[in-house]
Amino acid sequence: MLKVTCCGVGNAGSQTAALAVEELGIDGLCINTSQRDIDMVKSEKIKKLLVGDANGAGKERSLAKKFLKESIMKLLDDDEVAEIFNTDVLFIISSAGGGTGSGMSVLLANIVGEVYPNTKVIIVGILPALTEALSSQLNAVEYMNELYTAIDGATYMLYDNDVPTEKELTEPEIFDTINRNIVNDIDVIRGTYQYPTRFSSIDERDATNIISTRGRIIIASVNNIKEKDVDKTSIEQMLINELKAGNHAEFQRDLICHRTGIICNLSEKLMSGFSTQLPEVQKVIGVPVEAYTHVCVNNDREVPNSVHLIVSGLTQVNDRIRKINDRIDEINERQKQMEDDSELNGIDFDEMSSKIERRKVVAADDGNVDLKSIFGKFGI
């Protein structure tokens with residue numbers, strides 16, 4: 001298996017990294033600018049690093065970058081951090097719409113890639129739902145711009161808070177679901193499901209080739225497949241459903257991908273009806289330049305049947321970026337409309353003030369109401 005580690009930046013990234021450390025037994029680090037957020041990382045197995053003034057970044061990506069700049073030498077001189085960064089694969093995980101994670105993660109990935117050239121850095125971003133505030137959408141656009149322009153040949157994975165589900169989930173449920181999906185995908189990439197086999201296999205060098213391709217990686221996993229399940233739908237269709245309906249951000253439907261790796265652990269019956277060439281899947285993702293297969297015939301009834309697909313070299317998510325930009329325009333237009341529609345527009349405040357003064361005089365002269373005394377009781 002590949003040696004993988006993780007670094008969570010900001011609150012979302014830190015919680016995901018802590019889960020990976022606990023569930024997968026890997027080494028990890030979380031970085032935050034907020035003492036309150038870092039205290040919420042309950043795992044004792046993950047290294048925690050606070051940078052900045054402990055008050056957070058307040059959704060300001062530039063401030064997060066400033067804090068990282070001030071702390072980078074301390075970070076790189078730390079022996080424990082060096083051990084985490086000096087690995088086969090390092091996942092740097094963060095929200096794309098926040099301040100700390102969005103601001104630091106791509107920059108940190110660039111630095112680690114330069115300092116540790118033998119480490120394959122995979123950037124993992126979580127996009128905000130389109131219903132989130134304007135600041136989250138703007139931060140996400142800036143994050144994506146850095147992802148595509150600041151690092152030559154970046155490899156990345158994108159997840160999305162806006163993915164529709166069969167039932168409406170609460171915000172904590174969405175948060176937990178995405179975190180777990182990221183951890184499961186890390187588990188697939190490191191090679192957990194590549195069981196020993198006498199058939200075609202994906203070794204460590206093959207796996208490294210798949211994930212070293214510049215561009216986006218997306219993973220579809222189908223677990224606990226029962227033989228009766230294929231009576232309703234094919235395994236290929238199950239993979240396609242996962243590609244379309246998982247917590248990954250939507251991928252560009254341009255049928256361009258570079259490499260694929262299919263990892264099968266299926267009973268003889270299931271294997272007999274499954275083509276590792278994936279003709280139906282190729283209609284969705286395109287025909288890869290290179291395809292790798294790992295086939296293990298599962299003769300152990302205690303081991304669940306599973307299939308995992310790794311697709312790499314996918315193009316940038318222009319359709320999703322367009323939706324974010326449309327959302328930004330929509331919010332700005334609403335703000336402008338609110339200003340234009342304000343009932344306060346056209347009011348002559350000088351005239352209103354004079355009327356108020358006249359009312360005060362009349363009231364005072366009448367001897368019924370002392371407005372000054374009333375306002376005075378309220379400190380006005």
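Summary of values
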read-out: Residue, surrounded by the fewest Cβ atoms within 10 Å (Cβ to Cβ), within region 49-68, restricted to residues that are of a type in the set (D, E, K, R) and more than 19 Å from Ile123 (Cα to Cα); value: Asp53
read-out: Leu19 under 30 Å from Ser201 (Cβ atoms) and assigned to a loop (DSSP other than H, G, I, E, B); value: no
read-out: Strands (runs of 3 or more DSSP E) enclosed by region 249-320 - at least 1 residues per element that are within 22 Å of the chain's Cα centre (by Cα) and over 21 Å from Lys232 (Cβ atoms); value: 259-266, 305-314
read-out: Flag if Glu250 is modelled with pLDDT under 95 and under 26 Å from Asn161 (Cα atoms); value: yes
read-out: Selection status of Thr213, surrounded by 20 or more Cβ atoms within 10 Å (Cβ to Cβ) and either more than 19 Å from Val295 (Cα to Cα) or of a type in the set (D, E, K, R) (or both); value: yes
read-out: Unmet criterion (only one of (1) assigned to a helix (DSSP H, G or I); (2) in contact with a Leu (Cβ under 6 Å, 6 or more places away or on another chain)) for Ile186; value: (2)
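Conditions (1) under 20 Å from the mean Cα position of the chain (by Cα); (2) touching a residue at least 40 places away in the same chain (Cβ under 8 Å); (3) crowded, with 17+ Cβ neighbours inside 10 Å, marked per residue:
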residue	(1), (2), (3)
Asn145	yes, no, no
Tyr148	yes, yes, no
Leu158	yes, yes, yes
Glu168	yes, no, no
Phe175	yes, yes, yes
Asn181	yes, yes, yes
Ile186	yes, yes, yes
Thr192	no, yes, no
Ile202	no, yes, yes
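The values are calculated or read from the model by the stated rules, or taken from the named source; none is laboratory data. Predicted, not measured: the structure shown is a model, and the values here were computed from it. Cβ sites come from the backbone with ideal geometry, for glycine too, and all protein chains shown count toward neighbours.
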